[in-house]
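As structure tokens, the structure follows; a few thoughts come after it.
The values are calculated or read from the model by the stated rules, or taken from the named source; none is laboratory data. As the structure is a prediction and not an experimental result, all values here were calculated from the model. Here Cβ is always computed from backbone atoms with ideal geometry, including for glycine, and neighbour counts include all displayed protein chains.
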């Protein structure tokens, strides 16, 4: 139970950190499609504030509300500073202490060249890979403002040069693609399924 709660904390911090600023209603909408929300329960405002306070008290990560900007929430201070990243790493290790075992179970579908720490979106990808479910990705455009959405069949994942990638096919085009997870704005698991090619094996590098 405690590990599940820490996973919720990780999810909340990562959702806000990657959005930079986000309203509660948007957070609640993301929660409805999260792989952690197994019973499809809504996120109550009171629960959200309880999580905020617990995260600050336990890990020193402050989630503030900018009332002058449509009541958007954000991580106080630099969310990518060494100090903040260390706190997030500690929270991740508590929440995802069994993730390494989950990764090993997927065997030839994963390649790591170093110890990865930033796991944003990874839980959803691993969960979808276990069940061969299609993912709905919202991705940031790397060289311009704006986002775009795709449906993606995740074949495998790898961590190379301090960067996570998910390898699979764009459902619409059928093209095999490597997507860097740091471009990920949100991920949700759909009910649609895909068939993993029998000869698929992830390549190193």
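Couple of notes before you dig in:
- Of everything listed in (1) within 18 Å of residue 26 (Cβ to Cβ); (2) part of a strand (DSSP E or B), the single unmet condition for residue 167 is (1).
- Of the residues making up the range 33-43, one or more are surrounded by 15 or more Cβ atoms within 10 Å (Cβ to Cβ), at pLDDT 85 or above and either over 17 Å from the mean Cα position of the chain (by Cα) or over 27 Å from residue 152 (Cβ atoms) (or both).
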